[in-house]
């Protein structure tokens with residue numbers, strides 16, 4: 001099986017089904033620093049940076065990666081040194097493999 005980090009996000013059409021619970025649980029094991037949101041339709045990871053500039057730099061790296069992949073997460077900068085990345089597939093109102101591919105690539109680029 002190809003590791004998530006080596007895959008490429010593919011355009012998602014509305015009407016596709018979100019991933020089932022078992023698949024979500026299996027894929028979460030591949031991105032262990034991410035957690036399922038309380039709503040069950042998104043995954044998130046929190047980062048603590050050394051300062052505001054580092055938080056902005058992380059957000060910009062994630063933004064560049066999202067543009068490359070064509071899959072765009074929500075990026076929240078809060079506190080003054082914290083960044084939360086949340087992703088889900090808006091077109092299907094739930095999780096797709098793209099969300100886990102992006103999470104794996106965020107982990108690789110932003111540790």
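No lab work stands behind these numbers, since they all come straight from the coordinates. Keep in mind it's a predicted model, so treat the numbers as computed, not measured. For neighbour counting, all protein chains shown are included, and Cβ atoms are generated from backbone atoms with ideal geometry for every residue, glycine included.
Which residue is surrounded by the most Cβ atoms within 10 Å (Cβ to Cβ), if the candidates are limited to segment 60-84 and must be in a strand (DSSP E or B) and in contact with a helix residue (DSSP H, G or I) (Cβ under 6 Å, 6 or more places away or on another chain)? Ranking the candidates gives 83 first. Within segment 94-109, the set of residues being surrounded by 19 or more Cβ atoms within 10 Å (Cβ to Cβ), out of contact with any helix residue (DSSP H, G or I) (no Cβ under 7 Å at 6 or more places or on another chain) and under 20 Å from residue 60 (Cβ atoms) comprises just one member, 103. Among the residues making up segment 10-45, none is over 17 Å from residue 100 (Cβ atoms) and in contact with a strand residue (DSSP E or B) (Cβ under 8 Å, 6 or more places away or on another chain). Just one of the numbered conditions (1) closer than 17 Å to residue 111 by Cα; (2) free of Cβ contacts under 8 Å to residues at least 12 places away in the same chain is not true of residue 65: (2). Here's a check for you: in segment 8-45, which residue that is in contact with a helix residue (DSSP H, G or I) (Cβ under 6 Å, 6 or more places away or on another chain) and more than 20 Å from residue 65 (Cβ to Cβ) is surrounded by the most Cβ atoms within 10 Å (Cβ to Cβ)? Result: 18.
Please work out if residue 55 is assigned to a helix (DSSP H, G or I) and surrounded by 16 or more Cβ atoms within 10 Å (Cβ to Cβ). So residue 55 fits the description; yes.
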